[in-house]
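Structure first, then comments.
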Amino acid sequence: MNHLNQEQLDIKTPEYVSIQFQLAGLGSRSIAFVIDQLILTIFSIVFSIVYLNIIMRLDSLLVFMDVFSTPFMILLLFLFVVNQGYFIIYEYVSGGRTIGKKIIGIRVMQENGHSITFLSSLIRNLLRIVDSLPTAYLVGLLCIFFHSKHKRLGDIVGGTIVVHERRTKKKKKSLTDKEIEKRNLATYPFRGDEYALSSINEKEWKMLKIYTDRFHKLDLYKRSQLTDRLSDALFPKLNISTSNLTNYDKENQLFIVYMKIKDNWEYEL
């Protein structure tokens, strides 16, 4: 009876790389959603109490006797925006993971294997309103249960799927990881176009991987040559201007590109 959580999905990327994912079923998705709703409920209750206390200090409590009063409508509108925006923004900026999804170990992605876009996140989450009909998320639950890829209506229209995170084997930090940590690149700005990262093909990824792997073995002259060569190949495609970049800045940008796309190319199957 665990077939819903055991199904595998093979995806062929535009670069003809075959990737296998484990689909997230009704159980894991429901638990993640409950966690997220619990977080939102706690926030809504705390915010409402604070908001009401502030309004009561400014006006009479009688203003809330009418549910159509301006302060009450403002509160409802704000909570609606927060509840919708939480899923839209969080999934987009966190690689398809809300807090609940992170805890359970699942994430949303596009059907082609790439990270979720803002438009996809917007569509799938606005349609939660329809998926929640008529009550208790019935439409969404039925869609997930009967759909071959466990999709709710928002996933169907938004072109997304929900999969389990890949578990990677624990291993020592590579020289590349140590270099990234040494340069503090996790907080270093990326000067290119995030959307253009998906245009990097397999050949370019292999060139970048070779560059980062051999970086510490090269003398300064050869490293500088290779940095310039790879920058000339990738930066125009990623809309990275080189006019004010030092050689060290170019190295940083190449390592950042590596950081941002490696999860789409390296998998522990």
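The values are calculated or read from the model by the stated rules, or taken from the named source; none is laboratory data. Remember, predicted model here, so these are calculated numbers, not experimental data. Methodologically, a virtual Cβ is constructed for each residue, glycine included, from the backbone with ideal geometry; neighbour enumeration extends over all protein chains shown. SASA here: full protein model, heavy atoms, side chains in, ligands and nucleic acids out. Shrake-Rupley method; radii C 1.70, N 1.55, O 1.52, S 1.80 Å.
Listing for the model above:
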read-out: Qualifying residue in the range 181-193 (condition: of a type outside the set (Val, Ile, Thr), touching a helix residue (DSSP H, G or I) at 6+ places or on another chain (Cβ under 7 Å) and open to solvent by less than 20 Å² (accessible area, probe 1.4 Å)); value: yes
read-out: Qualifying positions in the range 151-178 - assigned to a helix (DSSP H, G or I) and either open to solvent by 30 Å² or more (accessible area, probe 1.4 Å) or at pLDDT below 90 (or both); value: Leu153, Ile156, Val157, Leu175, Thr176, Asp177, Lys178
read-out: Residue check, Ser198 under 16 Å from Tyr258 (Cβ atoms) and in contact with a strand residue (DSSP E or B) (Cβ under 9 Å, 6 or more places away or on another chain); value: yes
read-out: So Ala196, is it at pLDDT below 90, hydrophobic (A, V, I, L, M, F, W, C), at negative phi and open to solvent by less than 60 Å² (accessible area, probe 1.4 Å); value: yes
read-out: Any hit, the range 42-64, residues being at pLDDT 95 or above, open to solvent by 30 Å² or more (accessible area, probe 1.4 Å) and closer than 30 Å to His147 by Cβ; value: no
read-out: Any chance Arg97 is part of a helix (DSSP H, G or I) and closer than 24 Å to Asp10 by Cα; value: no
read-out: Where a residue in the range 108-128 is assigned to a helix (DSSP H, G or I) and its partner, wherever it lies, is surrounded by fewer than 16 Cβ atoms within 10 Å (Cβ to Cβ), with Cβ under 6 Å and at least six apart; value: Ile123/Val157
read-out: Candidate set from the range 200-249 (those that are among the β-branched types (Val, Ile, Thr) and assigned to a loop (DSSP other than H, G, I, E, B)); member that is modelled with the lowest pLDDT; value: Thr242
read-out: Pair list, Cβ < 7 Å and 6+ apart or interchain, from the range 143-160 residues that are touching a residue at least 24 places away in the same chain (Cβ under 8 Å) to residues that are in a loop (DSSP other than H, G, I, E, B) and open to solvent by 20 Å² or more (accessible area, probe 1.4 Å); value: Leu153/Leu127; Gly154/Leu127; Val157/Leu127; Gly159/Glu111; Thr160/Glu111
read-out: Close pairs (6 angstrom Cβ cut-off, 6 or more residues apart or separate chains): within 17 Å of Ser44 (Cα to Cα) in the range 62-77, at pLDDT below 80 and surrounded by 10 or more Cβ atoms within 10 Å (Cβ to Cβ) anywhere; value: Pro71/Ile55; Pro71/Val63; Phe72/Phe64
read-out: Test: Leu234 is in contact with a helix residue (DSSP H, G or I) (Cβ under 8 Å, 6 or more places away or on another chain), open to solvent by less than 80 Å² (accessible area, probe 1.4 Å) and either within 26 Å of Arg107 (Cβ to Cβ) or without any contact (Cβ under 8 Å) to a residue 40 or more places away in the chain (or both); value: yes
